[in-house]
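Trainee: Can you keep this structure in mind? I'll have questions shortly.
None of the figures in this text is laboratory data; all of them are computed from the coordinates on show. Quantities reported herein were computed from a predicted structural model and do not represent experimental measurements. So basically every Cβ, Gly included, is an ideal-geometry build from the backbone, and we count neighbours across all protein chains shown.
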Amino acid sequence: MPGEVSPAEGQAAGAEPTRSGFVAIVGKPNVGKSTLLNTMLGVKVAPITPKPQTTRRGVRGVYTQEGRQLVFVDTPGFHRSGKSALDQAMHRSVRDALVDVDAVLWVVDLRRPPNDEDKLVARLIGDLRDTPVILVGNKVDAAKYPEEALQLYKDLAPHAERALAISALNDPAAVYALRDDLLDRLEEGPFFFPTDIRSDQTREEWAGELIREAAMIHLREELPYSVAVQVVEWQEPEEEGRPIVITAEIWVEKSGHRRIVIGKGGAMIKEIGKMARKQLEVFLQERVYLELEVVVRADWRQDREALRELGYEP
Ligand SMILES: Nc1nc2c(ncn2[C@@H]2O[C@H](COP(=O)(O)OP(=O)(O)OP(=O)(O)O)[C@@H](O)[C@H]2O)c(=O)[nH]1
Ligand SMILES: [Mg+2]
């Protein structure tokens, strides 16, 4: 994996050698993996929604501090695989993320005891022999019996080297303590990303994820899962005071879906656009004009070519 990106600057002559490492974040859907990543980095690199299976590709988030670089790999929630090509691509991206990493964070939801999906993840990481696994019990802020729950998860991962209870959403200090622990154990190695880089996504991919996040939050039932977003144009303003113009396609699988995403008199697409634009403006610190088009791309979830275009194919 590290071979894919070229080592960056950061090793000044005579300076201390740099330290670096990869950390995979895995777990079943909706436990808070992407929230944990975003809190670790202090910026929003990954989309978060209350719905399971939000993350679809293994996004890398980079944290660099004083000669040390941690590369986190956020992964799609590991779930009982459906038959679609998308489901299979998501599974592969979890398995790929576990190859060649220096540590694995297994994130679980302490509000509930383990279920079959957690057991699936436990089996997956149980096969890792030489990689340290840290069990991260998340959502402790909302858990009734956190200690009991954490113990049940520990029983599923007897090889985990430690277990902790945190709230990725509400207790950044606990997340930073975990980050410091990971920084402390880094071994000597080159930086894999330039020091000012926070993720391996292009700005278009990142913006597309924020738009998809807004769509997933607004849509119901099966629809959040049949939507994909492709940013097709990004125009920086030519004059001061003008907005950045971002043009994106929202892909749906059927023309019936298209009608729902557009909504009565365009009400739904307007809401989605408003939410996405606000988020984009917060992070870009600039005005944004968002142009959204809903496109029917029949059965894109079964279409390997479409999955490649969307970057979902690992
Ligand atoms: N109460 C509470 N909610 C949390 C916490 N962390 C995350 N959440 C919520 O859990 C939901 C899922 O969070 P995500 O970060 O998208 O979860 P994920 O594991 O990345 O989900 P997938 O990408 O679908 O696998 C969101 O509604 C978050 O706000 C936490 O510490 N406490
Ligand atoms: Mg996620």
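Trainee: For the chain, give me the percentage of DSSP beta bridges that are antiparallel, rounded to the nearest 5 percent.
Mentor: Around 35 percent antiparallel, to the nearest 5.
Trainee: Then there's this: Along the positive direction of the dipole of the chain (beta-carbon charges: Lys, Arg +1; Asp, Glu -1; about the Cα centre), which of 214, 263, 65 reaches farthest?
Mentor: 263
Trainee: Can you compute the equivalent ellipsoid semi-axes for the chain, i.e. the square root of 5 times each eigenvalue of the Cα gyration tensor, sorted largest first and rounded to whole Å? It would help to have the intermediate numbers written out before the result.
Mentor: Values: eigenvalues 207, 127, 65 Å².
Semi-axes from the Cα gyration tensor: 32, 25, 18 Å.
Trainee: Work from the charge dipole of the chain (Cβ charges, +1 for Lys and Arg, -1 for Asp and Glu, about the Cα centre) and give the residue of 22, 224, 164 farthest towards its positive end.
Mentor: 224
Trainee: Next up: Using the Kyte-Doolittle scale, which helices in the chain average at least 0.0 and also have C-alpha atoms spread 24 Å or more along the helix axis, with helices defined as whole DSSP H runs?
Mentor: 267-284
Trainee: Continuing with the same structure: Collect residues whose amide H, placed 1.01 Å from N in the peptide plane, falls under 5 Å from the amide H of residue 18; neighbours closer than 5 in sequence don't count.
Mentor: 189
Trainee: Quick check: pseudo-label points 7 Å beyond the Cα along Cα→Cβ at residue 152 and residue 95, how many nm apart are they?
Mentor: My value for the distance between the label points is 2.9 nm.
Trainee: Two-decimal Rg/Rh of the stretch 17-84 from alpha-carbon positions, Kirkwood Rh? Numbers along the way, then the final one.
Mentor: Working: Rg = 13.2 Å, Rh = 12.7 Å.
Result: Rg/Rh = 1.04.
Trainee: For the stretch 106-257, take N as its residue count and report Rg(C-alpha) divided by 2.2 N^0.38 Å. Could you put the intermediate results ahead of the total?
Mentor: Values: Rg = 20.7 Å, N = 152, 2.2 N^0.38 = 14.8 Å.
The stretch 106-257 yields a ratio of 1.39.
Trainee: Another question about this same structure. Taking the Cα centre of the chain as origin and charging only Cβ (+1 Lys, Arg; -1 Asp, Glu), how large is the dipole, in debye to the nearest 20?
Mentor: Here the size comes out at about 1360 debye.
Trainee: Label-point separation (nm) for residue 238 and residue 185, each offset 7 Å from Cα along Cα-to-Cβ?
Mentor: Spacing of the two 7 Å Cα→Cβ label points: 5.5 nm.
Trainee: Please sort by residue number the GluC sites (Glu not before Pro) in the stretch 214-253 whose DSSP state is loop and whose Cβ has at most 13 other Cβ atoms within 10 Å.
Mentor: 221, 222, 238, 239, 240
Trainee: Label point 7 Å out from residue 129 along Cα-to-Cβ: which residues of the stretch 72-116 have amide N under 18 Å?
Mentor: Zone members listed by number: 98-104.
Trainee: Given the stretch 23-181, what percent of its DSSP beta bridges are antiparallel, to the nearest 5?
Mentor: In the stretch 23-181, approximately 30 percent of DSSP beta bridges are antiparallel ones.
Trainee: Here's something else I'd like to know. Which of the lysines could a cross-linker bridge to residue 274, judged by Cα under 23 Å and excluding same-chain residues fewer than eight apart?
Mentor: Cα-Cα hits under 23 Å: 44, 51, 264.
Trainee: Please give the contour-minus-distance gain from residue 271 to residue 81: 0.36 nm per residue of separation, less the Cα-Cα distance, rounded to one decimal in nm.
Mentor: Working: separation 190, 0.36 × 190 = 68.40 nm, distance 3.17 nm.
So the extension gain works out to 65.2 nm.
Trainee: Give me the number: length gained by fully extending residue 298 to residue 202, i.e. 0.36 nm times residue separation minus the C-alpha to C-alpha distance, one decimal in nm.
Mentor: Between residue 298 and residue 202, full extension yields an extra 32.0 nm.
Trainee: How big is the convex hull of the Cα atoms of the stretch 144-196, per residue, in Å³?
Mentor: Numbers: hull volume 6.9 nm³, N = 53.
Value for the stretch 144-196: 131 Å³ per residue.
Trainee: Consider all pairwise Cα distances in the stretch 203-310 and report the whole-number % of them above 15 Å.
Mentor: Details: 3531 of 5778 pairs.
Here the tail beyond 15 Å accounts for 61 percent of pairs.
Trainee: Hey, got the dipole for the stretch 203-310? About the Cα centre, +1 on K and R Cβ, -1 on D and E Cβ, debye to the nearest 20? Could the numbers behind the result be given before it?
Mentor: Values: 17 positive and 22 negative charges, 125 e Å.
Here the stretch 203-310 has a charge dipole of around 600 debye.
Trainee: I need the GluC sites (Glu not before Pro) found in the stretch 270-314, filtered to DSSP loop residues with at most 13 other beta carbons within 10 Å of theirs.
Mentor: Loop-located and lightly packed - 286.
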